[in-house]
Structure formats: C-alpha cells, structure tokens
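Colleague: Got a structure for you, questions after.
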Amino acid sequence: MNLTIPSKLPSATTSIFTVMSALADEYKAVNLGQGFPDYSMSDELISLVNEAMRNGFNQYTPMQGYTPLREVLAEKIETLYKTIVNPDTDITITPGGTCAIYTALTTILKPDDEVIIFEPAYDSYIPNVEINGAIPVLINLQFPEYKIDWTEVKKKITVKTKMIMLNSPHNPTGAVLDENDIARLRSIVKDTNIIILSDEVYEHLVYDNIAHQSILRYPDLLTRTFVCFSFGKVYHCTGWKLGYCVSSPELMKEFRKVHQFNCFSCHSPSQVALADFLKNKDSFLSLAAFMQQKRDYFISLMRNTRFTMLNSKGSYFICATYNKISDEQASDLAIRTTKEAGVAVIPVSAFYKAGTDNKVIRFCFAKKKETLEAAVEKLIKL
Ligand SMILES: Cc1ncc(COP(=O)(O)O)c(C=O)c1O
C-alpha cells in the first residue's frame, strides 16, 4: 500500500540552523551560526543535577513543575520586576521555551484566528500558529534598528486578531523593547480581548545597563499575557530543553490543560538542581555582564573586517551588513562564508517567510574567546 498523508505543515523545510550547522561540520567551519554556547556551563549546576539523581529525584514531578523551583522563580520575579506572582497558579515548568510557546498558542488559537508576528521572527512561530489552523499576520520590524511600527500594528488589527507575539531581547537582531513600546502596546490592546505572547528566553541578556522590559513588570498586561522563558538559553545548557511560562491564573489554568496532555511533567533532576542554584541571586544577576563582555570583545575584533556591525542591545546575537564585501544575497554570502572563509553564519532573510533580504547576516557571540578570535581571523580575509 502506498500510504500518503496530507502534510499539516506543507511549506515547512529543514530549519536554517540545521542546514548551516551541517554545512559547518562538513567544511570544519567555526560555527557562529546556531545559537548555543561552546564553553562549559556552571560546574555547580552540573553537580547539583548529579546530586539530585543520587538523592532519588528520578520520578515525575507535579504536572505544573517542581514546587521549590516555581517558588524560587516567583521570588526572582519579585526581586527583578516587583511583581508578585503565585507559584501555585501562575507558573508552569515546560520542556524548553519552544514548547512553552507552542502550548500557549495551542491553548488560545482556533481556526482562522489572526496572530500578529513581527519579522524577522524565530522560526517556530509561524508553523506553531499554522498548525493550530490560525493565520499569521506578518509585520516587518523597521530595518536597521528593528523597531516595531505600532501605527502599522494598529492598522493590522481586525476583529479576528487573537494574539500579538513579542520577542525581547530579540532573535535574530538583538533589539529590545523600550518603555514607549510597552505604552503603545498597552493602548492598542486596551478594550480588546487580544492575548499577548511574550517570548523572553534571553531575559537576563540585556546590555548597556538597559532595564529588560519584561511584561512581568506590568501586572495589567500580565493578565492577558503568556510570558515564556528558557533555562537552557540563559544558563548555557541549551540541550537541557527546560523552560517555563508565567501568566495569570485564568490563562494558566487553560495552559495547564494542554500541557497536562502533551508533556505532563519535565525532567526532574534538572528542576531540583535549578531550584537550588537560583537561590543565589548571582546566578542570574551576573549573566548580563558575562555576555556583554563577549559582545564587546566580538565587536572590537570585527572592526578589523569589512562587515558593518548593527546594534545589539540584548540576546546573544549581533547582525552585520556587508556592502563593502559584496552585493550577493544574504543566503549566498552565508554559504560562501562557511565554505570559503570557514565561518558559519545565518542569513537574516531566513527569518522572513517571504525571504525579505536586507543583506544582513547574524553572528552568535556566545562563544569562547578563542572561538571568536579564530572566526574573525578568517572573516578578515573576506
Ligand atoms: C527567540 C527564541 N525563542 C525560543 C527559543 C527556544 O528556546 P528553547 O531552546 O528553550 O526551546 C529560542 C532558541 O533559539 C529563541 O531564539
């Protein structure tokens, strides 16, 4: 029998990260493409996981997550954003940020609902909306600062608009939301039933003493928002795939219905370890300075190349234009940079459904000093 199934995601292909990482392996290139650190994570956190396993934390945690971890997260939220959330009703531990986002979208979306997504966008957003039968409404961030054009947002709101998806600090551009963005957002959603999804997986990685404009600072907006986080992204362990979602009790009650029958509960020893690790506030307060140093070092090295660096105020990515090198498309340049120069990068055009090409590439600077130096030594030749 020749079994054929109609694809639920007919336009989905292998992600650009997988493609570029495979190319990086093939050409033994330095990989500044995919967003993961190449340095070791905290020894203390590794020991805490080992200890948790030895101490018998190897069975299911409660469906909503290990209670002491949710409690320490509520404390962290109060310390950083002065907002009180209830760990019993407002926080759920998820298998990574991506799954938190998927669960939030699936909780809310019905066929034909419209979801406003800003491009360039992290690659899971559009397929996650489409798999729920909903319609992505795409708006370009304004190149080269990648700011949101709120006037355009207002124009795109219809009776079908169910959600607005935000991402700050932003992948791939490193842009961050400011207080004016929050004010514009607030005025747009006022008197509507629009739900917000705020992807804050790079939460602690905001630089130059800028305050992260988390939705968690704004209890009036939190009542209509799912705020999604990733332990993997900020604690240098992307392979752990552990994250969490914070919301209002009403929204979280529905979120947990989807979570319960999808993942049910997450890796127990990592949750036990993180609960202990996060008691020390330095574990998160030290992250911005640590990563800013990497960003600044990378920028100083890149001055010796013909790339023009754009601003990165957060995340662990920085973008660059290359008009002094060539006028080829970003995807061609990224392939050539990998094959000929031996440095894998990501074309920002891959973060647009229509492939919009401002001739920009993205570098990940969450790398060892030696890796950044080795990469720039090669990039100088372009
Ligand atoms: C903007 C954004 N959201 C979510 C994620 C996914 O986080 P996790 O690895 O915890 O699923 C990423 C990872 O690259 C990301 O860049």
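The values are calculated or read from the model by the stated rules, or taken from the named source; none is laboratory data. Quick caveat, the model's predicted, so the values are computed rather than measured. Virtual Cβ from ideal backbone geometry, glycine too; neighbours counted across all protein chains shown. Ligands, DNA and RNA are excluded from the accessible area calculation, which covers all protein heavy atoms including side chains. Shrake-Rupley method; radii C 1.70, N 1.55, O 1.52, S 1.80 Å.
Colleague: Within straight cross-link reach of LYS324, meaning Cα distance under 16 Å, which lysines are found once same-chain residues fewer than 8 apart are removed?
Modeller: Leaving aside lysines fewer than 8 places away in the same chain, those within reach of LYS324 are LYS359, LYS381.
Colleague: Let me ask something else. Kindly provide the pair-distance distribution of region 35-179 built from C-alpha pairs, with 10 Å bins from 0 and whole-percent values in order of increasing distance.
Modeller: 9, 26, 33, 23, 7, 1
Colleague: Roughly how far apart, in whole Å, are the Cα centres of region 212-252 and region 309-360?
Modeller: 29 Å
Colleague: As a check on your grasp of the helix formula, calculate [θ] at 222 nm for the chain: sum -39500 (n - 2.57) over DSSP H runs of n ≥ 4, divide by the residue count, round to the nearest 500.
Modeller: Calculated mean residue ellipticity at 222 nm is -10500 deg cm²/dmol.
Colleague: Could you tell me what % of all Cα pairs in region 156-238 have separations over 20 Å?
Modeller: 34 percent
Colleague: State the three equivalent ellipsoid semi-axes of region 272-341, derived from the C-alpha gyration tensor as the square roots of 5 times its eigenvalues, in descending order and whole Å.
Modeller: That gives 35, 14, 10 Å for the three semi-axes.
Colleague: Quick one: which of 355-361, 316-322 comes out on top by average Cβ neighbours within 10 Å, and what's the full order, highest first?
Modeller: Going from most to least packed, we get 316-322, 355-361.
Colleague: Still on this structure, please answer the following. How many percent of all Cα-Cα pairs in region 167-212 sit more than 14 Å apart?
Modeller: Of all Cα-Cα pairs in region 167-212, 55 percent lie more than 14 Å apart.
Colleague: Report, to one decimal in Å, the Kirkwood hydrodynamic radius for region 95-152 based on all distinct Cα pairs.
Modeller: One over the average 1/r among Cα pairs gives 12.2 Å for region 95-152.
Colleague: Sticking with this one: Just the number, please: percent antiparallel of the DSSP beta bridges in the chain, rounded to the nearest 5.
Modeller: Roughly 50 percent of the beta bridges in the chain run antiparallel, per DSSP.
Colleague: Okay, next question. Just the projected area, averaged over all directions, of the convex hull on the alpha carbon atoms of the chain: how many nm²?
Modeller: 20.3 nm²
Colleague: While we're looking at this one, here's another question. Over all pairs of distinct alpha carbons, what does the Kirkwood formula give as the hydrodynamic radius of region 212-302, in Å?
Modeller: It works out to 15.6 Å.
Colleague: Under the classification rounded if a/c is under 1.5, otherwise prolate if a/b is larger than b/c and oblate if not, where does region 1-53 fall, given a ≥ b ≥ c as square roots of the Cα gyration tensor eigenvalues?
Modeller: Because a/c hits 1.5 or more and a/b fails to exceed b/c, region 1-53 counts as oblate.
Colleague: Applying 1/(1 + (r/R0)^6) with R0 = 51 Å to the Cβ-Cβ distance of LYS324 and ASP88, what FRET efficiency is obtained, to the nearest 0.05?
Modeller: E(calc), rounded to 0.05, equals 0.35.
Colleague: Right, here's the next one. Sorted by accessible area with a 1.4 angstrom probe, largest first, how do CYS245, CYS263 fall?
Modeller: Per-residue accessible area, sorted high to low, gives CYS263, CYS245.
Colleague: Among LYS147/LYS281; LYS110/LYS313; LYS257/LYS353; LYS154/LYS313, which pairs are too far apart, with a Cα-Cα distance over 28 Å?
Modeller: LYS147/LYS281; LYS110/LYS313; LYS257/LYS353
Colleague: I need the fraction of alpha carbon pairs in region 320-369 separated by more than 19 Å, rounded to a whole percent.
Modeller: 23 percent
Colleague: Between region 179-198 and region 107-154, what's the alpha-carbon centroid distance in Å?
Modeller: Taking the Cα centre of each part, region 179-198 and region 107-154 sit 14 Å apart.
Colleague: Mind ranking 55-66, 83-94 by how tightly packed they are, going by the mean number of other C-beta atoms within 10 angstrom, highest first?
Modeller: Most protected by this proxy first, the peptides run 83-94, 55-66.
Colleague: For region 105-244, what is the Kirkwood hydrodynamic radius in Å, using each pair of distinct C-alpha atoms?
Modeller: 15.5 Å
Colleague: Would you pull out the residues with amide H under 5 Å of SER198's amide H, same chain only if 5 or more places away, H placed 1.01 Å from N?
Modeller: For SER198, whose amide H was placed from the backbone, the distant partners under 5 Å are LEU166, PHE226, VAL227, CYS228.
Colleague: Taking a cut-off of 12 Å between Cα atoms, list the aspartates and glutamates near LYS279, but don't count ones fewer than 8 places away on the same chain.
Modeller: The reachable aspartates and glutamates, counting only those whose Cα sits under 12 Å from LYS279, are GLU71, GLU75.
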